[in-house]
1. With a 1.4 Å probe and all protein chains left in place, how much accessible area per residue does the chain have, in Å²?
2. Give me the lysines in straight-line cross-link reach of Lys16: C-alpha distance below 23 Å, same-chain residues under 8 apart excluded.
3. Across region 15-66, how large is the tail of the calculated P(r) beyond 13 Å, expressed as a percent of all Cα pairs?
4. Output the 0 to 90 degree angle, nearest 10, between the alpha-carbon long axis of helix 17-28 and the longest principal axis computed from the alpha carbons of the chain.
5. Test of understanding: express the Cα radius of gyration of region 42-93 as a ratio to 2.2 N^0.38 Å, with N the residue count.
6. Tell me, Kirkwood radius of the chain from alpha-carbon pair distances, in Å?
7. Find the relative contact order for the chain and round it to a whole percent, using C-alpha pairs within less than 8 Å whose residues are 6+ positions apart.
8. So in the chain, what percent of DSSP beta bridges are antiparallel if you round to the nearest 5?
Amino acid sequence: MSKVLVVADIKQGDLKISTSELLSKAKAIGAETAVVAIGSNIESIIPGMVSAGSDTQYVVDDPGLEIFSAGPYASCVVDAAKQFGADMIWFGF
């Protein structure tokens, strides 16, 4: 079974529909799914990640991640991918 990690698309603290669309596509191909959410003050989106169809959720919530910076964000994605054992990483931007 494939393992797909979806990087959550978060805008102004809200989980964008592209995240659930990607999770739905991953489920349609029979993949096990996980989502990684990266940002600041994003605890409130966890229920949305679960209801969107994510089997596993990784949340990196830190004030230093309020503004996007490629290095720290990439590090978070890599860590989640390793923990999950992802075969694929999907972005919905």
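The values are calculated or read from the model by the stated rules, or taken from the named source; none is laboratory data. Keep in mind the model is a prediction, meaning the values are calculated, not measured. Methodologically, a virtual Cβ is constructed for each residue, glycine included, from the backbone with ideal geometry; neighbour enumeration extends over all protein chains shown. Ligands, DNA and RNA are stripped out before the accessible areas are found, and what is left, the full protein with its side chains, is counted by its heavy atoms. Shrake-Rupley method; radii C 1.70, N 1.55, O 1.52, S 1.80 Å.
1. Roughly 55 Å² per residue, with all protein chains present.
2. Lys3, Lys25, Lys27
3. 55 percent
4. 20 degrees
5. Details: Rg = 11.7 Å, N = 52, 2.2 N^0.38 = 9.9 Å.
Against the compact-globule rule of thumb, the ratio is 1.19.
6. That comes to 12.9 Å for the chain.
7. On the way: 167 pairs, mean separation 36.8, N = 93.
Rounded, it is 40 percent for the chain.
8. 10 percent
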